[in-house]
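Structure first, commentary second.
The values are calculated or read from the model by the stated rules, or taken from the named source; none is laboratory data. Note that this is a predicted model, so its numbers are computed, not measured. Because the Cβ atoms are built from the backbone with ideal geometry, glycine has one as well, and the counts that use them run over all protein chains shown. When the accessible area is computed, the model is the full protein with side chains, heavy atoms only, and any ligands, DNA or RNA have been set aside. Shrake-Rupley method; radii C 1.70, N 1.55, O 1.52, S 1.80 Å.
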Amino acid sequence: MNTAFKKYLITSKKDVSWGFYINNLGRNVIRKHAEYPSMDHPDQYIFTWDKGRILDEFHLVLITKGEGVFESNATGKIKISDGDVFLLFPGMWHRYKPKKSIGWTERWVGFSGAIATHFLSNGFFKADAPVISKCNTTSVLHHFNTLFKLFDEASYGYQHIASGVCIQLMAELHKIKSGGTNLDDLNSMVSQAKSVMYKHINGTINLTEIASNLGVSYSKFRIDFKKQTGVSPLQYHLLLKIEKSKELLLNTKKSQKEIAFELGFESDVYFNRLFKRKTGLSPGKFRGLSKDLL
């Protein structure tokens, strides 16, 4: 693979209507004591350290080696290290550079579109917290390398395929950002908890005991579980029961009362109420509607 790669694209109306499109991407090794940034970019991307820059698109910059500094109106100066990603937001003044005595290796992708604006402007990523650490992972590098290959070969339809890869890249970064520095531990803990819940799908569970067996407080267990799944441990267990009840309603002739008892609900009245709240239908209507569709 060549050390340097830069690609700047001409965007069509069709690309814009797709909702997510890549404007440019590249990689470069900045040697120590080299001038930065280089002046071999299109005018709208060139900046100096003194004046900084404002873009009209999103940029994602990954530093895989070296260190430097990033600054924006929203953050002030932030030290950048090996494995850090920083995001640039449209309309936000910023500047960045490697440390002269060290240099850095950078990869970047610039993108725009309604879809990009949606998930980058709705709290998933924030301008006042643009740096994500520990992103120098096999998966993140694979997504970048896939993008470089797509744009190098430029086969028919590559722009739309590349937009999907870039969204996958953003999803991977959000996972790293949300999981913090203990992502593997979080995945293991939640996976073990889910397994226990499924084994006890027909009864009740002691969530405090589960947390204790996992070696964490219930408070931390609940926060971390919800961070990964989007719901509390108790709600997750109830949702498992609802999904199992759907299977029993569709594939057996058991009554609603029998199903409620089998799944450990305190009463069939509670089961009916919970099922309707979670699905929008009563168990009877769900069974009837499903049969009508078969």
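Report, in degrees rounded to the nearest 10, the 0 to 90 angle that the Cα long axis of helix 283-293 makes with the longest principal axis of the chain.
Its long axis makes an angle of about 70 degrees.
Going by alpha carbons, how many degrees (0 to 90, nearest 10) lie between the helix axis of 183-199 and the longest principal axis of the chain?
10
Quick check for you: with a 1.4 Å probe and neighbouring chains kept, what is the accessible area per residue of the chain, in Å²?
55
Work from the charge dipole of the chain (Cβ charges, +1 for Lys and Arg, -1 for Asp and Glu, about the Cα centre) and give the residue of Leu141, Ile223, Val131 farthest towards its positive end.
Ile223
How large, in percent, is the carbon and sulfur part of the accessible surface of region 138-294 at a probe radius of 1.4 Å?
Carbon with sulfur: 53 percent of the solvent-accessible area.
Within the set of other residues whose C-beta is less than 15 Å from the C-beta of Lys7, count the net charge using Lys and Arg as +1 and Asp and Glu as -1.
-2
Give the relative contact order (percent, whole number) for the chain; include only Cα pairs under 8 Å separated by 6+ residues.
14
Could you calculate the FRET efficiency of Lys244 with His118 from 1/(1 + (r/R0)^6), where r is the beta carbon distance between them and R0 is 22 Å, rounded to 0.05?
Efficiency for this residue pair is about 0.05.
Given Ala34, Thr48, Ser17, which one lies farthest toward the positive end of the charge dipole of the chain, if we put +1 on the Cβ of every Lys and Arg and -1 on the Cβ of every Asp and Glu?
Farthest towards the positive pole: Ser17.
Can you flag which of Lys177/Lys199; Lys199/Lys276; Lys51/Lys149; Lys199/Lys253 are past 28 Å Cα-Cα?
Pairs exceeding 28 Å: Lys177/Lys199; Lys51/Lys149.
Name the shape class, rounded, prolate or oblate, that the alpha-carbon gyration tensor gives for region 12-148, where a ≥ b ≥ c are the square roots of its eigenvalues, rounded holds for a/c under 1.5, and otherwise prolate holds if a/b is larger than b/c and oblate otherwise.
It comes out rounded by the Cα gyration axes.
What share of all Cα pairs of region 102-239, in percent, falls into each consecutive 5 Å distance bin?
All Cα pairs, binned at 5 Å, distribute as 2, 8, 16, 16, 14, 13, 11, 9, 6, 4, 2, 0 percent.
Hey, any idea what the orientation-averaged projected area of the convex hull of the chain's Cα atoms comes to, in nm²?
20.4
Ignoring ligands and nucleic acids, what accessible area does Arg273 show with a 1.4 Å probe (Å², nearest 10)?
Here the residue's solvent-accessible area equals roughly 130 Å².
Please give me, ordered by residue number, the trypsin sites (Lys or Arg not before Pro) of region 156-254 that lie in loop per DSSP and have at most 16 other Cβ atoms within 10 Å.
Sites meeting the loop and neighbour criteria: Lys253, Lys254.
What order do Tyr158, Tyr270 take when sorted by accessible area (1.4 Å probe), most exposed first?
Of Tyr158, Tyr270, the descending order of accessible area is Tyr270, Tyr158.
How much of Asp268 can a 1.4 Å solvent probe reach, expressed as accessible area in Å² and rounded to 10?
So the heavy atoms of Asp268 present about 50 Å² to solvent.
When the helix-only estimate is applied to the chain (DSSP H runs of n ≥ 4, each -39,500 (n - 2.57), divided by the residue count), what is the mean residue ellipticity at 222 nm, nearest 500 deg cm²/dmol?
Estimated from H runs of four or more residues: -14500 deg cm²/dmol.
For the chain, give the magnitude of the charge dipole about the Cα centre (Cβ charges: +1 Lys/Arg, -1 Asp/Glu; no others), in debye to the nearest 20.
Approximately 640 debye in magnitude.
Using Cα centres only, tell me the gap between region 143-174 and region 53-113 in whole Å.
Centre-to-centre (Cα) distance: 20 Å.
Which GluC sites (Glu not before Pro) from region 1-100 combine a DSSP loop assignment with at most 15 other Cβ atoms within 10 Å?
Glu35
Can you pull out the GluC sites (Glu not before Pro) in region 203-288 that DSSP calls coil and that have at most 12 other Cβ atoms within 10 Å?
Sparse-neighbourhood loop GluC sites (Glu not before Pro): Glu266.
Lys and Arg at +1, Asp and Glu at -1: add these up for the other residues within a Cβ distance under 10 Å of Gly26 and post the number.
+3
Can you list the residues, at least 5 places off or on another chain, whose amide H is less than 5 Å from the amide H of Leu25, using H built in the peptide plane?
Under 5 Å from the amide H of Leu25 lie the amide H atoms of Lys7, Gly110, each far enough along the sequence or on another chain.
Please give the helix 158-179 orientation as an angle from the longest Cα principal axis of the chain, in degrees from 0 to 90, rounded to the nearest 10.
70
How far, in nm, would the chain grow between Met39 and Ser17 when pulled straight, counting 0.36 nm per residue and subtracting the alpha carbon separation?
Value of the extension gain: 4.8 nm.
Which parts of region 238-258 would a label at Ser282 reach, counting a residue when its backbone N lies under 16 Å from a point 7 Å out along Cα-to-Cβ?
Taking a point 7 Å out along Cα→Cβ of Ser282, the residues of region 238-258 whose backbone N falls under 16 Å are 255-258.
With +1 on each Lys and Arg Cβ and -1 on each Asp and Glu Cβ, how big is the dipole of region 152-294 about its Cα centre, in debye rounded to the nearest 20?
The calculation lands at about 800 debye.
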